[in-house]
Amino acid sequence: MTPPRIVLVPGLMNDADLWRDQIPALARVAHPVVADITRGDTLSALADAVLETGGPRFALAGFSLGGIVAQEVLRKAPDRVTHLALLDTTARPDDDARREERARLTALARRPGHFHGFGDRIARAYLSAGNAANEDLVRRIRQMTTRLGPEVFVRQSLVQRPDSRRSLRAVRCPSLVLCGAEDSITPPGLHREMAGLLPDARLVVLPGAGHLSPMEKGPEVARELLRLLGQPAGMSTRDIAAEGE
């Protein structure tokens with residue numbers, strides 16, 4: 001029997017390494033594949049890339065920008081998605097302050113020698129207080145942003161973020177809404193809102209995690225994705241972590 005497919009969609013300046021701690025556990029029960037959203041320059045194009053990766057029917061997990069793309073996938077092809085996970089993301093459009101900040105950062109990234117990827121200030125904003133000084137974790141994130149570079153940063157930053165709140169009410173598949181308790185980029189309140197709009201959603205807020213929950217709390221996120229797919233919730237995070245070693 002062919003295992004079900006789950007498409008994992010990274011966020012802004014993330015690649016497959018974002019999901020490194022979830023893939024081994026998911027591979028026990030499904031066929032995990034990571035979508036590439038580094039090439040398109042519109043939300044529709046990024047959603048099409050996910051649909052091409054997913055095939056006729058698939059479970060879908062999107063992190064941050066990947067969660068925004070996942071919501072566009074649901075608008076385009078709702079019948080193809082069997083399960084939905086929205087991680088550290090939002091259904092709201094950018095406000096004026098966020099648009100101005102994106103414009104400032106993209107202008108800076110376009111200047112030669114001014115793209116620094118994941119600096120100390122960004123680390124403090126994106127990670128929990130307990131993880132901001134985790135050198136191994138910060139190094140892993142910096143390697144990921146360096147691999148992708150300023151062109152991807154600019155392209156992804158210019159993708160329009162629409163208001164998806166109304167369309168969430170039409171989602172009919174089982175859903176997981178998850179974030180770090182210390183996520184200051186997309187705070188827990190936004191996730192409570194999304195969980196309240198989705199007809200069949202479970203909300204999980206992970207203590208000790210900031211915005212990058214798949215990397216900060218890898219085994220815990222894997223456990224919740226397995227639970228979404230209908231697997232026993234009793235598997236310990238220690239067991240899941242051991243599978244990735």
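General remarks:
- Residue that is more than 26 Å from Ala209 (Cα to Cα) and outside the structural domain of Phe63 (by TED's automatic domain parsing), where the choices are Arg172, Arg147, Arg111: Arg111
- Every pair of residues 6+ apart whose Cβ atoms lie under 6 Å, when the first sits in segment 215-226 and is on the phi < 0 side of the Ramachandran plot and not assigned by TED's automatic domain parsing to the domain that holds Asp136 while the second is crowded, with 24+ Cβ neighbours inside 10 Å and in a helix (DSSP H, G or I): Val221/Ser213; Val221/Pro214; Ala222/Ala25
- Identity of the residue in segment 145-163, without any contact (Cβ under 8 Å) to a residue 40 or more places away in the chain and touching a Gly at 6+ places or on another chain (Cβ under 9 Å), that ends up farthest from Thr106 (Cα to Cα): Thr146
- Subset of segment 125-142 (residues that are out of contact with any strand residue (DSSP E or B) (no Cβ under 7 Å at 6 or more places or on another chain) and either polar (S, T, N, Q) or under 12 Å from Ala209 (Cα atoms) (or both)): Ala125, Tyr126, Leu127, Ala129, Gly130, Asn131, Ala132, Asn134
- Here Asp48, Asp41 are screened, and the one residue that is more than 23 Å from Leu190 (Cα to Cα), touching a helix residue (DSSP H, G or I) at 6+ places or on another chain (Cβ under 7 Å) and surrounded by fewer than 18 Cβ atoms within 10 Å (Cβ to Cβ) is Asp41.
- Among the helices (runs of 4 or more DSSP H) confined to segment 172-229, the ones with at least 2 residues that are of a type in the set (Asp, Glu) and crowded, with 20+ Cβ neighbours inside 10 Å are located at 218-228.
- Tallying residues that are among the charged types (D, E, K, R), surrounded by 16 or more Cβ atoms within 10 Å (Cβ to Cβ) and over 28 Å from Gln143 (Cβ atoms) within segment 81-117 yields 1.
- Residues satisfying the stated conditions in segment 1-22, i.e. assigned to a strand (DSSP E or B), crowded, with 20+ Cβ neighbours inside 10 Å and free of Cβ contacts under 8 Å to residues at least 60 places away in the same chain: Val7, Leu8
The values are calculated or read from the model by the stated rules, or taken from the named source; none is laboratory data. This is a predicted model, so every value here is computed, not measured. Because the Cβ atoms are built from the backbone with ideal geometry, glycine has one as well, and the counts that use them run over all protein chains shown.
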